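What follows is a set of notes on a single structure, which appears directly below.
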Amino acid sequence: MQCYNTYFILMEQKEAIIQTIVEGIQEKKGSNIVVADLDGIDGTICSNFVVCQGNSPTQVEAIADSIGDMMRQKHHEKPAHVVGLENAQWVAMDYGDVLVHVFLPDVRTYYDLEHLWEDAQLTQIPDTY
């Protein structure tokens, strides 16, 4: 029974983290948000990707900053790694079981990350503006 309860607590924490990440994206008007559920797929490095885009390097950086700020405020979490801020075309943020990717539109199209894992369940989050 303890393992069962622990599993649901961890699932709730992961969902809360994903929701906070989405809020951070939406705060800076990030668009085309997709959450890829990789649970149950062999060979994955995490259980979820959150992918979005900004229209300029400045917006990509602002989105990444917003996510970082909200995660620190709400969950007292800092990413294990952040890469890509130097040119802000593709910023990746590592929150352990959840990886965040913030792209410029043409870079996102080129890498097509959310479709890299064919078996992933994709959830499109509506734009809020």
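Here are some notes:
- Only beta bridges with both residues in the chain are counted; by DSSP, about 75 percent of them are antiparallel.
- Per residue accessible area in Å² of the chain, where ligands, DNA and RNA are left out and the probe is 1.4 Å: 58 Å²
- For segment 12-57: rounded, prolate or oblate by the Cα gyration tensor [a/c cutoff 1.5]: oblate
- Rounded to the nearest Hz, the phi-derived 3J(HN,Hα) couplings of segment 56-67 under the Karplus curve 6.51 cos²θ - 1.76 cosθ + 1.60 (θ = phi - 60°) are 8, x, 5, 5, 4, 5, 5, 5, 4, 4, 4, 4, where x marks glycine and proline.
- Taking amide hydrogens as placed 1.01 Å from N in the peptide plane, the amide H of residue 53 sits under 5 Å from those of 31, 103, each at least 5 positions away in sequence or on another chain.
- Taken over the chain, the ratio of Cα radius of gyration to 2.2 N^0.38 Å equals 1.03.
- Length-normalised contact order of the chain in % [C-alpha pairs under 8 Å, at least 6 apart]: 30 percent
The values are calculated or read from the model by the stated rules, or taken from the named source; none is laboratory data. Computed from a predicted structure; not experimentally measured. Ligands, DNA and RNA are stripped out before the accessible areas are found, and what is left, the full protein with its side chains, is counted by its heavy atoms. Shrake-Rupley method; radii C 1.70, N 1.55, O 1.52, S 1.80 Å.
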